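Student: This structure is in structure tokens; I'll ask about it shortly.
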Amino acid sequence: VTSNAPIGIFDSGIGGLTVFSAIKKRLPNESLVYLGDTARVPYGTKSAETVVRYSRENAAFLEEKGVKAIVVACNTASAVALDDLRQRCRVPVLGVVEPGVRAALAASQAKRIGVIGTRATIASDAYGSMLCELHSDARVVSVACPLFVPLVEEGWLTGEIVEEITKRYCAEFEYARVDTLILGCTHYPLLKDAIAKVIGPNVTLVDSGEAAAVALKFLIDDEGIASTGTVADDRLFVTDVPGQFESVARRFLGGMMPTAKRVSLGS
Ligand code: DGL
């Protein structure tokens, strides 16, 4: 693996482009290979066993592309498959859970922390257990928000319905007096304004994808594998026909026009 090899990123679909953007901002000279498993999305409603199997195939695809490190942009895959991937892959594998946990602990005064994510992420308790492992007095309230992913994919980011749903999901955080909330899903950064409006200005929102981009920069520097090139060559792959991906992707990338190539994985 050479330092000018690309960094691989995978997600269950489009959402990981929030992580792709965060990485692009912090590491503009790095070439990125993004794989969105659009044929099998969503992961957040599936069993851990299935998500592990899909994640192995995604990581193997990226390794075949000669990547020097893999970022698991998908929170669900990070929550249930990271240890497995680390054992299998020849290159360093970074998830979004640990960076999100560390950023939340750094941001929180009271160590009363909320976590939102898909059903699978919340059921795994990956965030909750790591928060308590790294800070034994942490109080954690975790809530699955399964309606958020489809809302974001529909482009419903504000308005009455979004506000009503957000209020329901976030009610517990007020009672629990959390001062920090981890956005533990690739899609949730797009709902940041709606969530902030409901939860109020005293709660810090932590974007696990942003935190992962910061952690990736450290990892690249520590391993001495930073790119020496100045022009990044990014490539996007999807497992379903690219049409829908490209139109929704534009929303996630703030207008940038990606071209994605279709690939087949597994069975
Ligand atoms: N990428 C997933 C996550 O961050 C959300 C979409 C899905 O359920 O696959 O958990």
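Read-outs throughout are calculated quantities, based only on the coordinates presented, and are distinct from any laboratory measurement. The model shown is predicted, which means the values in this text are computed figures rather than measured ones. Note: ideal-geometry Cβ built from the backbone for every residue, glycine included; neighbour counts use all protein chains shown.
Student: For Asp125, indicate whether it is at positive phi and either of a type outside the set (Val, Ile, Thr) or buried (at least 24 other Cβ atoms within 10 Å of the Cβ) (or both). Before the answer, list the steps.
Tutor: Numbers: at positive phi: yes; either of a type outside the set (Val, Ile, Thr) or buried (at least 24 other Cβ atoms within 10 Å of the Cβ) (or both): yes.
Taking the combined requirement at face value, the residue satisfies it.
Every residue, every condition in (1) farther than 22 Å from Ala138 by Cα; (2) part of a loop (DSSP other than H, G, I, E, B); (3) of a type in the set (Lys, Arg); (4) within 16 Å of the ligand (Cβ to nearest atom), yes or no:
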{"residue": "Thr158", "(1), (2), (3), (4)": "yes, yes, no, no"}
{"residue": "Asp193", "(1), (2), (3), (4)": "yes, no, no, no"}
{"residue": "Lys197", "(1), (2), (3), (4)": "yes, no, yes, no"}
{"residue": "Ala212", "(1), (2), (3), (4)": "no, no, no, yes"}
{"residue": "Leu216", "(1), (2), (3), (4)": "yes, no, no, no"}
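Student: Give me the residue from the range 132-180 that is among the basic types (Lys, Arg) and at negative phi and, out of that set, surrounded by the most Cβ atoms within 10 Å (Cβ to Cβ). Give the derivation first.
Tutor: Taking the range 132-180 as the starting set, the residues that turn out to be among the basic types (Lys, Arg) are 139, 167-168, 177.
Applying the additional criterion that residues be at negative phi yields 139, 167-168.
Values: Arg139: 16, Lys167: 14, Arg168: 13.
Filtering the range 132-180 for residues that are among the basic types (Lys, Arg) and at negative phi, the one surrounded by the most Cβ atoms within 10 Å (Cβ to Cβ) comes out as Arg139.
Student: So how many residues does the range 181-203 have that are surrounded by fewer than 23 Cβ atoms within 10 Å (Cβ to Cβ), β-branched (Val, Ile, Thr) and under 17 Å from Val96 (Cβ atoms)?
Tutor: Of the residues in that region, 0 qualify.
Student: If I filter the range 92-114 for residues that are more than 26 Å from Asp222 (Cβ to Cβ), within 12 Å of the ligand (Cβ to nearest atom) and of a type in the set (A, V, I, L, M, F, W, C), do I get at least one hit?
Tutor: The answer is no; no qualifying residue exists.
Student: Can I ask one more? Would you be able to tell me the number of residues in the range 131-153 that are among the acidic types (Asp, Glu) and in contact with a helix residue (DSSP H, G or I) (Cβ under 9 Å, 6 or more places away or on another chain)?
Tutor: Here is the first cut: in the range 131-153, the ones among the acidic types (Asp, Glu) are 133, 137, 153.
Narrowing further to those that are in contact with a helix residue (DSSP H, G or I) (Cβ under 9 Å, 6 or more places away or on another chain): 133, 153.
Qualifying residue count for the region: 2.
Student: Follow-up question, since we're still on this one. Among Asn58, Asn29, Asn4, which is within 15 Å of the ligand (Cβ to nearest atom) and over 20 Å from Phe148 (Cα atoms)?
Tutor: Working: Asn29 fails: within 15 Å of the ligand (Cβ to nearest atom); Asn4 fails: within 15 Å of the ligand (Cβ to nearest atom).
Every option except Asn58 fails the conditions.
Student: Between residues in the range 59-84 that are within 14 Å of Val263 (Cβ to Cβ) and free of Cβ contacts under 8 Å to residues at least 40 places away in the same chain and residues that are in a strand (DSSP E or B) and within 16 Å of the ligand (Cβ to nearest atom), which pairs lie under 6 Å by C-beta distance while being six or more apart or on different chains?
Tutor: none
Student: Would you confirm whether or not the range 46-53 contains a residue that is in contact (Cβ under 8 Å) with a residue 60 or more places away in the chain, more than 16 Å from the ligand (Cβ to nearest atom) and either small (Gly, Ala, Ser) or touching a helix residue (DSSP H, G or I) at 6+ places or on another chain (Cβ under 8 Å) (or both)?
Tutor: no
Student: Please tell me if Val19 is within 16 Å of the ligand (Cβ to nearest atom), within 17 Å of Leu216 (Cα to Cα) and either surrounded by fewer than 21 Cβ atoms within 10 Å (Cβ to Cβ) or of a type in the set (Val, Ile, Thr) (or both). Spell out the reasoning first.
Tutor: Working: within 16 Å of the ligand (Cβ to nearest atom): yes; within 17 Å of Leu216 (Cα to Cα): yes; either surrounded by fewer than 21 Cβ atoms within 10 Å (Cβ to Cβ) or of a type in the set (Val, Ile, Thr) (or both): yes.
Yes; evaluated as a whole, the condition is true for this residue.
Student: A further question on this structure: Condition first: surrounded by 15 or more Cβ atoms within 10 Å (Cβ to Cβ) and either closer than 21 Å to Tyr188 by Cα or touching a Phe, Trp or Tyr at 6+ places or on another chain (Cβ under 8 Å) (or both). Now tell me which residues in the range 215-249 satisfy that.
Tutor: Scanning the range 215-249 gives Ala215, Leu216, Asp234, Arg235, Leu236, Phe237, Val238, Phe245, Glu246, Val248, Ala249.
Student: Taking the options Leu236, Leu265, name whichever one is assigned to a loop (DSSP other than H, G, I, E, B), touching a residue at least 40 places away in the same chain (Cβ under 8 Å) and under 21 Å from Ala39 (Cα atoms). Walk me through how you get there before you give the answer.
Tutor: Working: Leu236 fails: assigned to a loop (DSSP other than H, G, I, E, B).
The unique qualifying residue is Leu265.
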